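The values are calculated or read from the model by the stated rules, or taken from the named source; none is laboratory data. Remember, it's a predicted structure, so these values are computed and weren't measured experimentally. Cβ: placed from backbone, ideal geometry, glycine included. Neighbour counts: every protein chain shown. For the accessible areas, the whole protein counts, side chains as well, though only heavy atoms, and no ligand, DNA or RNA atoms are used. Shrake-Rupley method; radii C 1.70, N 1.55, O 1.52, S 1.80 Å.
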Amino acid sequence: MKTVYHKADSRGHADHGWLNSYHTFSFANYQNNERSNFGVLRVLNDDTVSQGMGFGTHPHKNMEIISIPLEGDLEHKDSMGTTAVIKKGEIQVMSAGTGVMHSEYNKNKDEAVKFLQIWIFPREVDVEPRYNQKSIKEGEKINGFQQILSPNKNDDGVWIHQDAWFNLANFTKGNGKNYMLNKKGNGVYAFVLKGSAKVGDRILNERDGLGIWDTQSFNIEAIDDSEILLMEVPMELPSYLK
């Protein structure tokens, strides 16, 4: 098993007033050659958007973009004609493909919105753009893994154009479980949303991240009540990036 550890306070940070963002990987003005990506996981931003503020209309192309709200509501509009609000307990995916314009705003006047913005390189380029969102509260599993994303249209959660699987791991103190990877050659980036847990041989606290690869499984044990996002992704970049 190989691992890479990213402590929460080692992340890049940008405070724009209306936007407070922490970058696990290189993004915008934060550039770190040793932290460009984890396999096809390109961006993991931990964003807080102030009341009534947001990202104006901007373009994306050939990227799978996932948003997971942690607090508050986020309004999305795009050039496909989609207008939607995503909130805690939901997951949103947008396949940018051949190109799409979109905006994201916090329309609440009384609270900030906190969400994870995640970008994944797709296995192929120039697919037809699409949008989807689903509730991930229903069927929430305690002391187990809840799949919220996969490559398969008929599986639990949303799907993307990549051999990736996301799970939420919710464990009460002292409980744990072994995670089995879905595909050979994949790795898992574990990101602690709350609490603390032992992942493999490493103790992780809130907002710590740990990349794990060259293994078929690893164990998770909660030190405190914990919620962990497990992002299983291919470690080899697609041929169009080589």
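Yes or no: region 164-180 includes at least one residue that is β-branched (Val, Ile, Thr), assigned by the TED database to the domain that holds residue 225, modelled with pLDDT of 95 or more and surrounded by 15 or more Cβ atoms within 10 Å (Cβ to Cβ).
Within region 164-180, not a single residue is β-branched (Val, Ile, Thr), assigned by the TED database to the domain that holds residue 225, modelled with pLDDT of 95 or more and surrounded by 15 or more Cβ atoms within 10 Å (Cβ to Cβ).
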| task | Answer yes or no as to whether residue 71 is acidic (Asp, Glu), open to solvent by 40 Å² or more (accessible area, probe 1.4 Å), within 16 Å of the chain's Cα centre (by Cα) and not assigned by the TED database to the domain that holds residue 193. | result | yes
| region 134-157, subset open to solvent by less than 30 Å² (accessible area, probe 1.4 Å) and not in a strand (DSSP E or B), residue nearest to residue 86 (Cα to Cα) | 136
| said: Being open to solvent by 20 Å² or more (accessible area, probe 1.4 Å) and either outside the structural domain of residue 112 (by the TED database) or not hydrophobic (A, V, I, L, M, F, W, C) (or both) is the filter here; which residues of region 15-32 pass it? | reply: 15, 16, 17, 20, 22, 29, 30, 31, 32
| query | Taking into account only those residues within region 36-56 that are under 16 Å from the mean Cα position of the chain (by Cα) and farther than 13 Å from residue 120 by Cα, which is most open to solvent (accessible area, probe 1.4 Å)? | reply | 48
| Residue satisfying condition, being within 22 Å of residue 158 (Cβ to Cβ), at pLDDT below 95 and among the basic types (Lys, Arg), within set 109, 87 | 87
| query | What number of residues within region 71-89 satisfy the criterion of being closer than 10 Å to residue 114 by Cα, in a loop (DSSP other than H, G, I, E, B) and aliphatic (A, V, I, L, M)? | reply | 0
